[in-house]
Amino acid sequence: MSTAERPALEQSRHLATEIPGPRSRELAARQAASVPGALAPTMPVYAARAYDGILEDVDGNRLIDLGSGIAVTSVGAAAPAVVENVQSQVAEFTHTCFMVTPYEGYVEVAERLGEKSPVPGETRTALFNSGAEAVENAVKVARAYTGRQAVAAFDHAYHGRTTLTMALTAKQMPYKHSFGPFAPEVYRVPGSYPLRDGGLDGVAAAQATISALEKQIGADSLAAVIMEPVQGEGGFIVPAEGFLPTVVDWCRENGVLFIADEVQSGFARTGAWFACEHEGIEPDLITTAKGIAGGMPLSALTGRAEIMDSVHAGGLGGTYGGNPVACAAALGVFETIESQGLIEAAQRIEQVIRGHFEQNADDRIGEVRGRGAMMAIEFVDPATGAPDAELCGAVAKAVRETGVILLTCGTYGNVVRFLPPLTISEELLREGLQEVTDALKAV
């Protein structure tokens, strides 16, 4: 069925059954008998259709989507330009492997990423399948270029679930528990968490980071420092102003590469093409995924040309990396962001979310933070400021039962995050936010 023939999905919340409904419960039983329990869904419903700010489940319930498949469907779950590009490409060919017989779509995506990324000067881009793959290849390239082995990551970091990226990731449960040993020559240093830094400004926090880098590792052993400009799973932490530029300046002075992990924060999500732009950061290497291809599996590593070209022929690649169908989808994402003004839409979403929680202040919300459509609230004990994971869980559970898809995160499990599609209507967004406020009052 073509895009034009598909019936429109009404952009309103509607509960036809309880959550979960009978069809979802039936599928859950089948899942339990065939899928590992480690794959535990956030919402107990099974998707049938989705468009803009609404996801419809197999029981006919229409849910407000404040998660975007964890920041993946930023342009909507079935953006017309993405759907049309994918349908057209599938009809031509689905795969050849770029390293066997290359194709134009891959080259065009690489060109567009070079144009949009904050990496300075001439760039090169390699395409992969997942964010973790992009991060692993960033580390490979950094080690090849510098001739050094050590890599530094930060407290509260999340970079993936593979052996190497688990070593870079900070949180033990559920990401690292029982899966060691992990890759060697990975070090962790303190970052900037303004709510919990005891009043440190960005420059002072960066000096503590630099001291740890110099004392624990030594600049001449360090290939790269990797950081999310807005930390994702760690709690949507925005470093204090001045932190990132100070760390990047130290990297430049010491021949250490700075890798920006923009897997979650890239592609207009924060109200700019990339979150680095908010502080004028120019990374040596940048990783992207999630929102890059509207739900198709695609990721990228973009870097300065001399760094990327330092790797020997055949040193980068993979059978499916830069699949032609995924590349076609990515070109549809670029088109949609630009034609629909989704960078500005993300900025408006931030204003709505901040405004809502300013008008509905609660002393159990320790901070409202984030950028663009990557926003969060952190729940605390109002008497002590300690993280309140129990309250966070109770609020999230109550909200989900009303037909709103809501995600949590944070090292302490006490953060609710808002990742709506950039195409969501303001009406639906406000309706979803009100459910959060109502649940908090009820709890």
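The values are calculated or read from the model by the stated rules, or taken from the named source; none is laboratory data. None of the values given here were measured: they were computed from a predicted structure. All Cβ positions, even for glycine, are placed from backbone atoms using ideal geometry, and neighbour counts span all protein chains on display.
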Residue list for the range 191-228, restricted to those being surrounded by 16 or more Cβ atoms within 10 Å (Cβ to Cβ), in a loop (DSSP other than H, G, I, E, B) and either modelled with pLDDT of 95 or more or hydroxyl-bearing (Ser, Thr, Tyr) (or both): GLY191, SER192, TYR193, ILE217, GLU228
Residue match in the range 197-218 (condition: free of Cβ contacts under 8 Å to residues at least 40 places away in the same chain and either basic (Lys, Arg) or closer than 24 Å to ALA134 by Cα (or both)): yes
Hits in the range 137-168 - residues which are out of contact with any strand residue (DSSP E or B) (no Cβ under 8 Å at 6 or more places or on another chain) and under 22 Å from CYS409 (Cβ atoms): GLY160, ARG161, THR162, THR165, MET166
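Looking at this structure, is ASP65 surrounded by 22 or more Cβ atoms within 10 Å (Cβ to Cβ) and in contact with a Pro (Cβ under 7 Å, 6 or more places away or on another chain)?
Values: surrounded by 22 or more Cβ atoms within 10 Å (Cβ to Cβ): yes; in contact with a Pro (Cβ under 7 Å, 6 or more places away or on another chain): yes.
Taking the combined requirement at face value, the residue satisfies it.
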Residue within the range 169-176 that is in a loop (DSSP other than H, G, I, E, B), basic (Lys, Arg) and touching a residue at least 60 places away in the same chain (Cβ under 8 Å) present: yes
Residue among VAL151, VAL141 that is assigned to a helix (DSSP H, G or I), β-branched (Val, Ile, Thr) and over 17 Å from the mean Cα position of the chain (by Cα): VAL141
Filter result for the condition that a residue is in contact with an Asp or Glu (Cβ under 6 Å, 6 or more places away or on another chain), touching a residue at least 12 places away in the same chain (Cβ under 8 Å) and outside any helix (DSSP H, G or I), over GLY370, GLY295, GLY366, GLY317: GLY366
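Would you please name the residue that is surrounded by the fewest Cβ atoms within 10 Å (Cβ to Cβ), looking only at residues in the range 71-126 that are over 22 Å from LEU419 (Cβ atoms) and of a type in the set (Ser, Thr, Tyr)?
In the first step, residues of the range 71-126 are kept if they are over 22 Å from LEU419 (Cβ atoms); the result is 84-112, 114-115, 119-126.
Okay, now just the ones that are also of a type in the set (Ser, Thr, Tyr), so 88, 94, 96, 101, 103, 106, 123, 125.
Values: SER88: 12, THR94: 10, THR96: 12, THR101: 8, TYR103: 19, TYR106: 20, THR123: 20, THR125: 22.
Checking each candidate, the answer is THR101.
Can you tell me which residue is farthest from the chain's Cα centre (by Cα) among those in the range 396-438 that are β-branched (Val, Ile, Thr) and more than 18 Å from ARG369 (Cα to Cα)?
By that ranking, first place goes to THR402.
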For THR101: the one exception among (1) free of Cβ contacts under 8 Å to residues at least 12 places away in the same chain; (2) not assigned by TED's automatic domain parsing to the domain that holds GLY271: (2)
Only listed residue being among the small types (Gly, Ala, Ser), farther than 22 Å from GLY232 by Cβ and either buried (at least 22 other Cβ atoms within 10 Å of the Cβ) or touching a residue at least 12 places away in the same chain (Cβ under 8 Å) (or both), chosen from ALA144, ALA183: ALA144
Filtered residue count, the range 85-124, keeping only those that are under 25 Å from the mean Cα position of the chain (by Cα) and either of a type in the set (Phe, Trp, Tyr) or assigned to a helix (DSSP H, G or I) (or both): 14
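The rows are residues; the columns are (1) out of contact with any strand residue (DSSP E or B) (no Cβ under 6 Å at 6 or more places or on another chain); (2) assigned to a helix (DSSP H, G or I); (3) under 18 Å from GLU115 (Cα atoms); (4) at pLDDT 95 or above.
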| residue | (1), (2), (3), (4) |
| --- | --- |
| PRO239 | yes, no, no, yes |
| LEU244 | yes, yes, no, yes |
| ASP249 | yes, yes, no, yes |
| GLY255 | yes, no, no, yes |
| GLN264 | yes, no, no, yes |
| ALA268 | yes, no, yes, yes |
| TRP273 | yes, no, yes, yes |
| ILE281 | yes, no, yes, yes |
